[in-house]
Amino acid sequence: MNKIRVGIVNYLNTKPLIYGLQLPPIADKIELIGTYPSRLAELLKEDKIDVGLIPVAAIPQLPVHYLVGNYCIAAEREIASVCLFSEVPMGQIQKVYLDYQSRSSVALLKFLMKEYWGISPQLEEAKDESYREKIKGTTAGLVIGDRALEQRKISTFIYDLGSEWRAITGLPFVFAAWVSKKPLPADFIAAFDEANSLGLNHIDEIVNGTNFQLYDLKKYYKLHLLYHLNERARKGMELFLKYISEK
C-alpha cells in the first residue's frame, strides 16, 4: 500500500502538529515532505504531495480542494511570527519587500495596507534571504516564520498581521490549513486528526527539546498560536477567501 505523502512546513510553529505525525501508527502510513509554505502549495498543485499544510491564500488556485481534519496554523490575536518590520513609523514607509516564503501573509498584508492602514508603498517580491538586510531607512519588509522571531530583535517598528486582522474583523486569522485535492479515507483522516492533537498535549516536551533562545516558545505555542480549526477560525478563513476572490 502506497504511503500518503504529507507536505509539512519546517517552522517552529508547526512542531506541535508534526509531533504526532512522526509516531506510530500514523507514521507507518505517511511520508513527510518538508519545505516552506509557498513551495508546499506548488507541490500540491503538481500532485507531488497528497495533503499539505498549505497557505490559505493558495486554496483558490486549486481546481478542487478538501479541508483535511480540524487543525491548522492560526492566530486568535497576535501571531508574533508574521509581521511587517520597519525602522520608521508606518506612514513613512516607502517600499516593502514581500517574503518569498509566504502567500497568505502577503495577501493579508496587501489587504491591510489598502483597506485599513491606507498606505501604498512600492512593493517588491523578495527573491532570497538577502532582502532582510535591506529593511532599513524607509524600506520595510514582511517576514514570516522563525526568521520573524529573529527579526523582532532587530527592527524598531513591528506591525503584527494577526492582531491587525483581529482588530478589523474580530475573528482569528488562519494562515495555513491541511488541504488535499482529492477525498482521503475517513479512517485516515480520523487517525491524522488524532496525531495532530497529540503534540498539543506535549508542549512542554516540545519546548524543552527545541534549542531556540530568541523567543519564549511556551508563550508562542500557548498564547499566540491557535491550532484548532474551530467555527470562529473557519469564519475568519471564509472571510479572507471572500476578500481575495473579489480583489
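For (1) in a strand (DSSP E or B); (2) of a type in the set (Val, Ile, Thr), each residue gets a yes or a no:
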{"residue": "Asn2", "(1), (2)": "no, no"}
{"residue": "Gly7", "(1), (2)": "yes, no"}
{"residue": "Lys15", "(1), (2)": "no, no"}
{"residue": "Ile49", "(1), (2)": "no, yes"}
{"residue": "Leu53", "(1), (2)": "yes, no"}
{"residue": "Ile59", "(1), (2)": "no, yes"}
{"residue": "Pro63", "(1), (2)": "no, no"}
{"residue": "Ala74", "(1), (2)": "yes, no"}
>> If I ask for residues that are of a type in the set (A, V, I, L, M, F, W, C), more than 12 Å from Ala74 (Cα to Cα) and open to solvent by 10 Å² or more (accessible area, probe 1.4 Å), which ones from the range 166-187 would you list?
In response: Ala167, Ile168, Leu184, Ala186
>> Can you confirm whether Leu84 is open to solvent by less than 50 Å² (accessible area, probe 1.4 Å) and either touching a helix residue (DSSP H, G or I) at 6+ places or on another chain (Cβ under 7 Å) or modelled with pLDDT of 95 or more (or both)?
In response: yes
>> Being open to solvent by 20 Å² or more (accessible area, probe 1.4 Å), hydroxyl-bearing (Ser, Thr, Tyr) and in a helix (DSSP H, G or I) is the filter here; which residues of the range 17-47 pass it?
In response: Tyr19
>> Cβ contacts < 6 Å: first residue closer than 20 Å to Val9 by Cβ and modelled with pLDDT of 95 or more, restricted to the range 187-205; second residue open to solvent by 30 Å² or more (accessible area, probe 1.4 Å) and not aromatic (Phe, Trp, Tyr), any location; separation 6+ or different chain. Result?
In response: Asp193/Asn70
> Which pairs have Cβ atoms under 7 Å, sit 6 or more apart or on different chains, and link a residue in the range 222-247 that is outside any loop (DSSP other than H, G, I, E, B) to one that is open to solvent by 60 Å² or more (accessible area, probe 1.4 Å)?
Replying inline: His224/Glu78; His228/Asn70; Leu241/Pro60; Ile244/Pro60; Ser245/Pro60
>> Just to be sure I understand the filter: pairs with C-beta atoms under 9 Å, separated by 6 or more residues or on different chains, first member in the range 52-68 and more than 11 Å from Ser180 (Cα to Cα), second member small (Gly, Ala, Ser) and in a loop (DSSP other than H, G, I, E, B). Which pairs pass?
In response: Pro55/Ser102; Ala57/Ser102
> Restricting to the range 36-57, what's the tally of residues that are modelled with pLDDT of 95 or more, farther than 19 Å from Tyr227 by Cβ and in contact with a strand residue (DSSP E or B) (Cβ under 8 Å, 6 or more places away or on another chain)?
Replying inline: 5
> Asp204 fails exactly one of the following numbered conditions: (1) open to solvent by 40 Å² or more (accessible area, probe 1.4 Å); (2) in a strand (DSSP E or B); (3) not β-branched (Val, Ile, Thr). What is the number of that condition?
Replying inline: (2)
>> Just the residues that are buried (at least 16 other Cβ atoms within 10 Å of the Cβ) and among the small types (Gly, Ala, Ser), please, taken from the range 119-165.
In response: Ala126, Ala140, Gly141, Gly145, Ala148, Ser155, Gly162, Ser163
> Of everything in the range 87-118 that's out of contact with any Asp or Glu (no Cβ under 9 Å at 6 or more places or on another chain) and of a type in the set (Lys, Arg), which residue is surrounded by the fewest Cβ atoms within 10 Å (Cβ to Cβ)?
Replying inline: Lys114
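The values are calculated or read from the model by the stated rules, or taken from the named source; none is laboratory data. Worth saying up front: this structure is predicted, and the values here are computed from it rather than measured. Cβ: placed from backbone, ideal geometry, glycine included. Neighbour counts: every protein chain shown. Remember, those area values only see protein heavy atoms, side chains included, never the ligands or the DNA or RNA. Shrake-Rupley method; radii C 1.70, N 1.55, O 1.52, S 1.80 Å.
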